[in-house]
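What follows is a single structure, written as structure tokens, with notes after it.
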Amino acid sequence: MIDLFPFAKPFIHALDPEKAHGLTIAMLRRGVTGMTRRPRRYKNLKTEVFGLSFDNPVGLAAGFDKDAEALAGAQAMGFGFVEAGTVTPKAQPGNDKPRLFRLTADKAVINRFGFNNKGVDAFARRLETFKPSYGPGRSIVGANVGANKETEDRTADYETCIDRLYGLSNYFTVNISSPNTPGLRALQSRAALEDLVNRVLAVRTRKMKEGKPRIPILVKIAPDLTEDDISDIAAIALSNDIDGLIVSNTTIERPASLTSKDRAEAGGLSGRPLLEPSTDMLRRVYAATEGKVPLVGVGGIGSGADAYAKIRAGASLVQLYSALVYEGPGLVERIKRDLSRRLRKDGYETISQAVGADHL
């Protein structure tokens, strides 16, 4: 597998971060991935989670492809699944620029995009015309849904998006944990979350009564939760028909270890500094849910060792995004290769056998 990113990186990093990201999406939309060979498949990385069969557990996190424009290109990089969004009912420009910052010395990123996207109808049209790069198991797409900034009834926006997109994606992620939409994280409180869960599940129930398939619904939570928050979320997840939790979104914390000049910018911090706190949160959520709710581990993954740590902490699947800024598309294959090797070394034949191993 030949990775051309090291040659292109100086040019890409010379650009404004948001322009560089836009260029990346445009290239992927045209089938330019920076890789010269097809991704490799690993038998011991195949897994089944919330009723879906994944070729491998390494996914592309939401935020990268907000409008579902580059799904096939992202899949061609070797991801086992791709999560597009966050999408909202109405198109919105997001927050003022600049709103994306590279913290190069810290291998981190700060963003305050504010759910900029072209709206759910444009998103749906992309999914309707999507042609997967590969066959079953290698073309899983998730739709990450959110609320418009000016909406008074935020939960109604989630209902609208799921209703419009139902049957077009393999699963839904209800994003209630972005720090860049004022008041959104309040939906993680027990009463608000119970109401949201009941209402989005009611949409699915209605669709199933109409003869549509059962689509898994996940909830994405923040890494900055208290023990009481975790207890409440775990109780709701265990007592309702939620299919999984994604742990976690970006953090509003600023570790003292940060050294980059833009470290004090407002927004959500992602990348390497988020690895330990998000993995600790994952471990606590796994314990609180007694290992009964599938978890997706996100935050700071930049190697096979990082992905394996998430899995042993309780993740059935993992996602990454920020590390691609610094390592390029070849990182996906390196993570898969190392993850496969680590499973064999520890005597596991499948990913599922290693999930939560640190809790045993």
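The values are calculated or read from the model by the stated rules, or taken from the named source; none is laboratory data. Not measured: the values here are computed from a predicted model. For neighbour counting, all protein chains shown are included, and Cβ atoms are generated from backbone atoms with ideal geometry for every residue, glycine included. With ligands, DNA and RNA removed, areas are computed over all heavy atoms of the protein, side chains included. Shrake-Rupley method; radii C 1.70, N 1.55, O 1.52, S 1.80 Å.
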- Message: Antiparallel versus total DSSP beta bridges in segment 202-360: what percent is that, nearest 5?
- Response: 10 percent
- Item | Euclidean distance between Cα centres, segment 15-65 to segment 174-191, Å | 27 Å
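Of the lysine pairs in segment 234-360, how many meet both conditions: Cα atoms under 29 Å apart, and a spacing of 8 or more in sequence or different chains?
Working: Lys292/Lys310; Lys292/Lys336; Lys292/Lys345; Lys310/Lys336; Lys310/Lys345; Lys336/Lys345.
Close lysine pairs found across segment 234-360: 6.
With only Lys, Arg, Asp and Glu charged, each at its Cβ (+1 for the first two, -1 for the last two), find how big the charge dipole of the chain is about the Cα centre; round to the nearest 20 debye.
1420 debye
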- Taking the chain as a Gaussian network, where each spring joins two C-alpha atoms under 10 Å apart, which residue of Ala156, Ala288, Ala105 fluctuates the most? Ala105
- Message: With bins 20 Å wide starting at 0, give me the P(r) of the chain over every alpha carbon pair, in whole percents.
- Response: 32, 63, 5
- Treating only Lys and Arg (+1) and Asp and Glu (-1) as charged, each at its beta carbon, one finds that segment 63-215 has a dipole about its Cα centre, in Debye to the nearest 20, of 260 debye
- Mean Cβ neighbour count within 10 Å, used as a protection proxy, ranking 13-24, 290-301 highest first: 290-301, 13-24
- Item | Rounded D (µm²/s) - segment 147-253, Kirkwood Rh over Cα pairs, Stokes-Einstein at 37 °C, 0.692 mPa s | 231 µm²/s
- Query: In what sequence, highest mean first, do 166-178, 114-126, 88-100, 250-262 appear when ranked by Cβ atoms within 10 angstrom?
  - Reply: 166-178, 114-126, 88-100, 250-262
- For a paramagnetic label modelled at 7 Å from the Cα of Asn240 toward its Cβ, which residues of segment 136-179 fall within the zone defined by backbone nitrogen distances under 17 Å? 144-147, 153-163, 172-178
- Mean separation of Cα contacts under 8 Å, 6 or more apart, over the residue count of segment 27-127: relative contact order %: 25 percent
- Task: Compute the FRET efficiency between Lys9 and Arg40 as 1/(1 + (r/R0)^6), taking r as their Cβ-Cβ distance and R0 = 22 Å, and round to the nearest 0.05.
- Result: 0.45
- Task: Give the carbon-plus-sulfur fraction of the accessible surface of the chain in %, rounded to a whole number; probe 1.4 Å, heavy atoms of protein chains only.
- Result: 51 percent
- Query: Which pairs, out of Lys46/Lys118; Lys46/Lys107; Lys90/Lys220, put more than 24 Å between their alpha-carbon atoms?
  - Reply: Lys46/Lys118; Lys46/Lys107
- Value of [θ]222 nm, deg cm²/dmol, for the chain, DSSP H segments ≥ 4, -39500 (n - 2.57) each, nearest 500: -11000 deg cm²/dmol
- Message: Could you report segment 165-261's accessible area per residue, 1.4 Å probe, as an integer in Å²?
- Response: 40 Å²
- Measure off 7 Å from each Cα along the Cα-to-Cβ vector at Thr104 and Met208, then give the distance between these two points in nanometres to one decimal. 5.1 nm
- Task: Report the full-extension gain for the segment Lys97 to Glu18: residue separation times 0.36 nm, less the Cα-Cα distance, to one decimal in nm.
- Result: 27.5 nm
- Query: What whole-number value in Å² describes the accessible area per residue of segment 1-100 for a 1.4 Å probe?
  - Reply: 46 Å²
- Give me the orientation-averaged projected area of the Cα convex hull of segment 226-360, in nm², one decimal. 9.1 nm²
- Taking the DSSP beta bridges in the chain as the whole, what percent of them are antiparallel, to the nearest 5? 35 percent
- Using a simple charge model, +1 on the beta-carbon of Lys and Arg, -1 on the beta-carbon of Asp and Glu, nothing else, what dipole does segment 131-251 show about its Cα centre, in debye to the nearest 20? 780 debye
- Toward the positive end of the charge dipole of the chain, about the Cα centre and with charges on Cβ (Lys, Arg +1; Asp, Glu -1), which of Pro39, Ile12, Gln188 goes farthest? Pro39
- Task: Beta carbons within 10 angstrom, averaged per residue: use that to sort the peptides 209-218, 69-78, highest first.
- Result: 69-78, 209-218
- Glu150 paired with Met27, simple spin-label distance in nm, labels 7 Å along Cα-to-beta-carbon: 3.7 nm
